[in-house]
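Taking it in order: structure first as structure tokens, then the write-up.
The values are calculated or read from the model by the stated rules, or taken from the named source; none is laboratory data. Quick caveat, the model's predicted, so the values are computed rather than measured. A quick note on method: Cβ atoms are made from the backbone with ideal geometry, for glycine too, and the neighbour counts reach across all protein chains shown. Just so you know, the surface numbers come from the protein's heavy atoms only, side chains and all, with ligands and any DNA or RNA stripped out. Shrake-Rupley method; radii C 1.70, N 1.55, O 1.52, S 1.80 Å.
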Amino acid sequence: MTDLESDDSLLLEFEDDDSESISNIDAPTDSKATHLDSDFANIPPHNVDTDDSEFDIDESQFSEDDLEDDYLVFPIKKTTKDLLDEDSLPSLKYECLTTQEIFDSMKRRVHHLQPVFSLPPQDILILMQRYDWNEERLLEEWTEKMDNLLIESGLNTSGESDGRGVKNGKEFFCPICCEEILTETFSLECGHEYCIDCYRHYIKDRLNHGKIITCMDCSLALKNEDIDQIMGGASSVKLMDSSIKSFIRKHSNSYKWCPYTDCKCIIHLKDTLSLQEYSRLHASRFVTCSMGHSFCFGCGFEIHAPADCRVTDQWVKKARLECENLNWVLSHTKECPRCSVNIEKNGGCNHMVCSSCRHEFCWICGGDWAPHGSSFYQCAIYKNEDKNKLVADTPKKTLRRYAFFYKMFTEHEVSAKLDWKLGETVGFKVKGLQEKIGVSWIEGQFLTESLKTLNEGRTALKWSFAVAYYSDPSHNLTKIFIDNQGLLSNAVESLSELLQIKSPEVIMKRRTEFYNKAGYVKNRTKALLECGRDLLRKGISKARE
């Protein structure tokens, strides 16, 4: 057994200030009864095995008529083709661990080691903590130097427990605070006795270090029951929490905290060898915790396909450096191209209609909306005005090119956030369908699935501009990638418009259209992701400073 590679992962997470009450490991039978629990129940951990996949490129270009008449897609779910696509990459197996599941695993591990060590559970816990929860290394050391190991770990080998614990109030001169007062005291078998207040300050300063806390005057270790007895509460959970956090930092190749704010989940990647294949193929290593938060296991960013971790890192760094020069891109208001009335965007759809003159235009490029109904958006293509000039890139030209791609990135990021807000109303729409038309909850889920597909397509589209920026614009595959961007842009905007419908009757009447357009977005997203991966794999798109 290697360093915590079994399912019984020894990880534990607690809130620092408002932790849940979790049973600790029992003390020896001859100790004073505490709140610690001795029930080492075999509760199986909750596993979430997930396979990430990349997508085949679909080079067929569908017109709006094709979309409406011939490309009918029924409820969105994994097809046989999807499963075949996933076989091109190794299975990314992981589990999402909760606090209680991890603690149950810890109790099972200690229970498993008791016949080997013939020691109380609390002593085994001290040994495991000393060896950073590395069971294999602990067992090797135990076979070589049993007695010395106990002494080095600060465990009592005399077999006597007299003198250990808190003693009732008495007149006592404490050598630490140099006061003689009526107070409770604490000492271990070593006989080093100090007032309870000094011990509390001493322990409080060390709870967040994650290391074994010893006697104030020697190397004899304080057990969790001693800490709780001195502090007057379950303070040992903070020590375990710090110890586990230290372990995760040291084993970040297989354990990751969910980066979302206030999320307590830990992702444990069971097979780290599969990561090498993902890196070689420039594929994304995305995982999802039990709270529904998806992120990249490699870099900790949000889902960023088709960009790989290196492109994502360089793009974010460049954005931070250039943001002061591109403040004008971040404006949330624009003038109507016809009447110059200021317009504020309040939805994810980029098809704008001026409330003053009723002029229809594209929010991204400012052009008339009518030409955008073709197979792809011309405004999603960077136009190189100096393509006939054989001159080196000037800083101004380079900045202008970056500004274009960054503008496209931020526009779709804003649209994605607004689409997500739109999702908050989907539940009310489904409820409206149930109440007004008598539609079942299951029948109304096409709205939720459509919104999920829209968000996935919008996210892929957003990060595709980072890949396009670092790509060789003269290469044929780059041009195919840009065509795929345009097709996905067209599909995403069409689905986004459809989700603006508020009438339950109209929504149900156009349900087939929801299936059509959501299915089309899904397939265009697959094509764009696969094409982007090819750009990275073949070195056509390279992250650079």
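Output the residue which, of all residues in region 253-276 that are under 19 Å from I303 (Cα atoms) and of a type in the set (S, T, Y), is surrounded by the most Cβ atoms within 10 Å (Cβ to Cβ).
Y255
In region 89-125, what count of residues is obtained for those that are open to solvent by less than 20 Å² (accessible area, probe 1.4 Å) and closer than 30 Å to D262 by Cα?
First, pick out the residues of region 89-125 that are open to solvent by less than 20 Å² (accessible area, probe 1.4 Å): 89, 92, 94-97, 102-107, 109-110, 113, 117, 121-125.
Going one step further and asking which of them are closer than 30 Å to D262 by Cα, we end up with 92, 94-97, 102-107, 109-110, 125.
So the answer is 14.
Which of (1) open to solvent by less than 30 Å² (accessible area, probe 1.4 Å); (2) farther than 23 Å from T525 by Cα; (3) not hydrophobic (A, V, I, L, M, F, W, C) does S284 not meet, given it meets every other one?
Only one criterion in (1) open to solvent by less than 30 Å² (accessible area, probe 1.4 Å); (2) farther than 23 Å from T525 by Cα; (3) not hydrophobic (A, V, I, L, M, F, W, C) is unmet by S284, namely (2).
From the list H268, H293, exactly one residue is at pLDDT 80 or above and within 18 Å of T459 (Cβ to Cβ). Which is it?
Values: H268 fails: within 18 Å of T459 (Cβ to Cβ).
After applying the criteria, what remains is H293.
Quick check on S105: is it hydroxyl-bearing (S, T, Y), at positive phi and either within 32 Å of the chain's Cα centre (by Cα) or modelled with pLDDT of 75 or more (or both)? So that I can check it myself, show each step before the final result.
Working: hydroxyl-bearing (S, T, Y): yes; at positive phi: no; either within 32 Å of the chain's Cα centre (by Cα) or modelled with pLDDT of 75 or more (or both): yes.
Here the answer is no, as S105 does not meet what is asked.
On the given criteria, is L188 at pLDDT below 90, in contact with a Gly (Cβ under 8 Å, 6 or more places away or on another chain) and in the same structural domain as K250 (by TED's automatic domain parsing)?
Numbers: at pLDDT below 90: yes; in contact with a Gly (Cβ under 8 Å, 6 or more places away or on another chain): yes; in the same structural domain as K250 (by TED's automatic domain parsing): yes.
Yes, satisfied.
Do any strands (runs of 3 or more DSSP E) lying entirely in region 145-202 carry at least 1 residues that are of a type in the set (A, V, I, L, M) and surrounded by 14 or more Cβ atoms within 10 Å (Cβ to Cβ), and which ones are they?
Details: elements: 165-174, 179-187, 193-195.
By residue number, 165-174.
Applying the selection to region 483-525, what residues are open to solvent by less than 10 Å² (accessible area, probe 1.4 Å) and of a type in the set (A, V, I, L, M)?
Hits for region 483-525 are L487, L488, A491, V492, L495, L498, L499, I507, A518, V521.
Please go through region 499-545 and pick out each residue that is part of a loop (DSSP other than H, G, I, E, B) and on the phi < 0 side of the Ramachandran plot. Write out each step before concluding.
Filtering region 499-545 for residues part of a loop (DSSP other than H, G, I, E, B) gives 499-503, 510, 538-540, 542-545.
L499, Q500, I501, K502, S503, R510, K538, I540, K542, A543, R544, E545, listed by residue number.
Mind listing just one residue for me: the one in region 143-180 that is among the charged types (D, E, K, R) and farther than 28 Å from Q129 by Cα and, of those, modelled with the lowest pLDDT? Show your work before the answer.
Our first condition is that a residue be among the charged types (D, E, K, R); within region 143-180, this holds for 144-145, 147, 152, 160, 162, 164, 167, 170-171, 179-180.
After this cut, where a residue has to be farther than 28 Å from Q129 by Cα as well, the list is 170-171, 179-180.
Working: K170: 77, E171: 82, E179: 82, E180: 82.
Step by step, filter region 143-180, then rank; the result is K170.
Quick check on my filter: what residues within region 220-252 are farther than 30 Å from N156 by Cβ and surrounded by fewer than 16 Cβ atoms within 10 Å (Cβ to Cβ)? Walk me through it before giving the result.
Residues of region 220-252 that are farther than 30 Å from N156 by Cβ, as a first pass: 248-249, 251-252.
Across region 220-252, the qualifying residues are R249, S252.
Looking at (1) under 26 Å from Y278 (Cβ atoms); (2) open to solvent by 40 Å² or more (accessible area, probe 1.4 Å), which one does S474 not meet, given that it meets all the others?
Against the list (1) under 26 Å from Y278 (Cβ atoms); (2) open to solvent by 40 Å² or more (accessible area, probe 1.4 Å), S474 comes up short only on (1).
Based on what the data block shows, is I480 surrounded by fewer than 19 Cβ atoms within 10 Å (Cβ to Cβ) and without any contact (Cβ under 8 Å) to a residue 12 or more places away in the chain?
No.
Tally time: how many residues in region 287-296 are more than 14 Å from T261 (Cα to Cα) and buried (at least 21 other Cβ atoms within 10 Å of the Cβ)?
Final tally of qualifying residues: 2.
Residue check: is A543 in contact (Cβ under 8 Å) with a residue 40 or more places away in the chain, buried (at least 19 other Cβ atoms within 10 Å of the Cβ) and not assigned by TED's automatic domain parsing to the domain that holds K318? Even if it seems obvious, please write down each step before you answer.
Values: in contact (Cβ under 8 Å) with a residue 40 or more places away in the chain: yes; buried (at least 19 other Cβ atoms within 10 Å of the Cβ): yes; not assigned by TED's automatic domain parsing to the domain that holds K318: yes.
Judged against the criteria, A543 is a match.
What's the number of the condition C531 fails, among (1) under 30 Å from L281 (Cα atoms); (2) open to solvent by 10 Å² or more (accessible area, probe 1.4 Å)?
(2)
Please state which one of S471, S440, S450 is among the hydroxyl-bearing types (S, T, Y), in contact with a Leu (Cβ under 6 Å, 6 or more places away or on another chain) and modelled with pLDDT under 95. Let's see the steps before the verdict.
Details: S440 fails: in contact with a Leu (Cβ under 6 Å, 6 or more places away or on another chain); S450 fails: in contact with a Leu (Cβ under 6 Å, 6 or more places away or on another chain).
The match here is S471.
Could you tell me which numbered condition E449 fails, if it satisfies all but one of (1) open to solvent by less than 20 Å² (accessible area, probe 1.4 Å); (2) farther than 16 Å from E413 by Cα?
All conditions are met except number (1).
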